[in-house]
Amino acid sequence: MEKAYKILAMQRSISNKRAKELIDRGLVYIGGKKVRIARAEVDENTKFRIVEPADATIIYQDEDIVAIDKPAMIDSEEIEMAIEGAKLIHRLDRETSGVLLLSRNESFRRRAVDEFRAGRVFKEYSAWVEGRLFEEMTIDSPIYTVKKGSAFSMVDNRRGKPAITRVYPDEVQGRKSKVRIVIETGRTHQIRVHLSHAGHPVVGDEKYGSPTETGRILLHAGKVILLGREYISQEPADIKRYK
């Protein structure tokens, strides 16, 4: 028996650091199961499979803004580093795909951030959630976030900040539902926390209560309207249809 990251490093002729990074990013599988702990002891003959994320593509760009179609399993900060001179206007979680906006100059970034803070940015997502959902619902429970280490948010009526999430059912498949989501605020993990609180965690979101194992959290940022311009990301295959 040996640590998973060490065996992966030997098999792929990569450094231990790189192997650990791949596992920590959720890109390494044994069969159909994701390897979750880099230091887990596994058999030395274990065969690993690495799932590389898709490439990020540009939706739109001009002298002020770059709109990126972000694939799942890439950090927002990685994209920022790859675009010279660009700064993130907002962020998407690593496993969330869709519209990601960056600014090309500080003046525009300040304007854009002010729009986000004032709640004047339209943000629409699509997701698969646990359970059968037939009725529209609005969730307005306050959210409190603990940011020590990996951020974790929760509904907390005393310490939480106002948060509003509107959920619209699109289809039901077995015991899962596809929904469209519009958020009027932008709290950390807002959609994931609110849907979990409502009894319908996002499929694949183990952190907030989904029991279903998937390649990623099935959440996609499909549309953002900022300062009068609309940016759209088409749904990837895993969001279009739940397998």
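So is E206 free of Cβ contacts under 8 Å to residues at least 40 places away in the same chain, assigned by TED's automatic domain parsing to the domain that holds F152, touching a strand residue (DSSP E or B) at 6+ places or on another chain (Cβ under 9 Å) and surrounded by fewer than 17 Cβ atoms within 10 Å (Cβ to Cβ) or not?
Values: free of Cβ contacts under 8 Å to residues at least 40 places away in the same chain: yes; assigned by TED's automatic domain parsing to the domain that holds F152: yes; touching a strand residue (DSSP E or B) at 6+ places or on another chain (Cβ under 9 Å): no; surrounded by fewer than 17 Cβ atoms within 10 Å (Cβ to Cβ): yes.
No, not satisfied.
Among the residues that make up segment 120-131, is at least one of them touching a residue at least 24 places away in the same chain (Cβ under 8 Å), closer than 19 Å to I181 by Cα and surrounded by fewer than 16 Cβ atoms within 10 Å (Cβ to Cβ)? Lay out the reasoning, then the answer.
Residues of segment 120-131 touching a residue at least 24 places away in the same chain (Cβ under 8 Å): 121-131.
Then keep just the ones that are closer than 19 Å to I181 by Cα; that gives 121-131.
Add one more test, that the residue is surrounded by fewer than 16 Cβ atoms within 10 Å (Cβ to Cβ), and what stays is 122, 131.
So far as segment 120-131 goes, yes, one or more of its residues are touching a residue at least 24 places away in the same chain (Cβ under 8 Å), closer than 19 Å to I181 by Cα and surrounded by fewer than 16 Cβ atoms within 10 Å (Cβ to Cβ).
Within segment 160-175, is even one residue surrounded by 14 or more Cβ atoms within 10 Å (Cβ to Cβ), in contact (Cβ under 8 Å) with a residue 24 or more places away in the chain, hydroxyl-bearing (S, T, Y) and assigned to a loop (DSSP other than H, G, I, E, B)?
Scanning segment 160-175, I find no residue that is surrounded by 14 or more Cβ atoms within 10 Å (Cβ to Cβ), in contact (Cβ under 8 Å) with a residue 24 or more places away in the chain, hydroxyl-bearing (S, T, Y) and assigned to a loop (DSSP other than H, G, I, E, B), so the answer is no.
Which strands (runs of 3 or more DSSP E) sit wholly inside segment 1-89 and have at least 1 residues that are under 30 Å from S103 (Cβ atoms), touching a residue at least 60 places away in the same chain (Cβ under 8 Å) and of a type in the set (D, E, K, R)? Explain how you work it out, then say what you get.
Numbers: elements: 28-30, 57-61, 65-70.
Qualifying strands (runs of 3 or more DSSP E): 65-70.
Report the residue count in segment 115-145 for those that are under 18 Å from A67 (Cβ atoms) and not hydroxyl-bearing (S, T, Y). Break it down stepwise before answering.
Step one: list which residues in segment 115-145 are under 18 Å from A67 (Cβ atoms), which gives 115-116, 120-126.
Still in the list and also not hydroxyl-bearing (S, T, Y): 115-116, 120-124.
Within segment 115-145, residues that are under 18 Å from A67 (Cβ atoms) and not hydroxyl-bearing (S, T, Y) number 7.
State yes or no: is I59 at pLDDT 85 or above, in contact with a Phe, Trp or Tyr (Cβ under 6 Å, 6 or more places away or on another chain) and among the aliphatic types (A, V, I, L, M)?
Details: at pLDDT 85 or above: yes; in contact with a Phe, Trp or Tyr (Cβ under 6 Å, 6 or more places away or on another chain): yes; among the aliphatic types (A, V, I, L, M): yes.
So I59 passes the test.
If I filter segment 28-40 for residues that are at positive phi and surrounded by 10 or more Cβ atoms within 10 Å (Cβ to Cβ), do I get at least one hit?
First, the residues of segment 28-40 that are at positive phi: 31.
Those left that are additionally surrounded by 10 or more Cβ atoms within 10 Å (Cβ to Cβ): none.
No - not one qualifying residue is present in segment 28-40.
Go through segment 112-156 and give me each residue that's in a loop (DSSP other than H, G, I, E, B) and either touching a helix residue (DSSP H, G or I) at 6+ places or on another chain (Cβ under 8 Å) or modelled with pLDDT of 95 or more (or both).
First, the residues of segment 112-156 that are in a loop (DSSP other than H, G, I, E, B): 118-121, 131-136, 140-142, 147-151, 156.
Those that are in a loop (DSSP other than H, G, I, E, B) and either touching a helix residue (DSSP H, G or I) at 6+ places or on another chain (Cβ under 8 Å) or modelled with pLDDT of 95 or more (or both): R120, V121, G131, R132, L133, F134, E135, E136, D140, S141, P142, D156.
With the requirement that a residue be crowded, with 17+ Cβ neighbours inside 10 Å and either among the hydroxyl-bearing types (S, T, Y) or within 20 Å of R241 (Cα to Cα) (or both), what does segment 139-159 give you?
Selection gives S141, Y144, T145, S153.
Take I79 and tell me if it is in the same structural domain as R229 (by TED's automatic domain parsing), within 20 Å of A221 (Cα to Cα) and of a type outside the set (D, E).
Numbers: in the same structural domain as R229 (by TED's automatic domain parsing): yes; within 20 Å of A221 (Cα to Cα): yes; of a type outside the set (D, E): yes.
Answer is yes for this residue.
Yes/no per residue for (1) closer than 30 Å to Q61 by Cα; (2) assigned to a strand (DSSP E or B); (3) within 18 Å of the chain's Cα centre (by Cα); (4) hydrophobic (A, V, I, L, M, F, W, C):
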{"site": "R158", "(1), (2), (3), (4)": "no, no, no, no"}
{"site": "R187", "(1), (2), (3), (4)": "yes, no, yes, no"}
{"site": "I191", "(1), (2), (3), (4)": "yes, no, yes, yes"}
{"site": "H194", "(1), (2), (3), (4)": "no, no, yes, no"}
{"site": "S210", "(1), (2), (3), (4)": "no, no, yes, no"}
{"site": "H220", "(1), (2), (3), (4)": "yes, yes, yes, no"}
{"site": "Q234", "(1), (2), (3), (4)": "yes, no, yes, no"}
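What number of residues within segment 90-116 are free of Cβ contacts under 8 Å to residues at least 24 places away in the same chain and surrounded by 16 or more Cβ atoms within 10 Å (Cβ to Cβ)?
2
The values are calculated or read from the model by the stated rules, or taken from the named source; none is laboratory data. What you see is a predicted model, and the numbers here were worked out from it, not measured in a lab. So basically every Cβ, Gly included, is an ideal-geometry build from the backbone, and we count neighbours across all protein chains shown.
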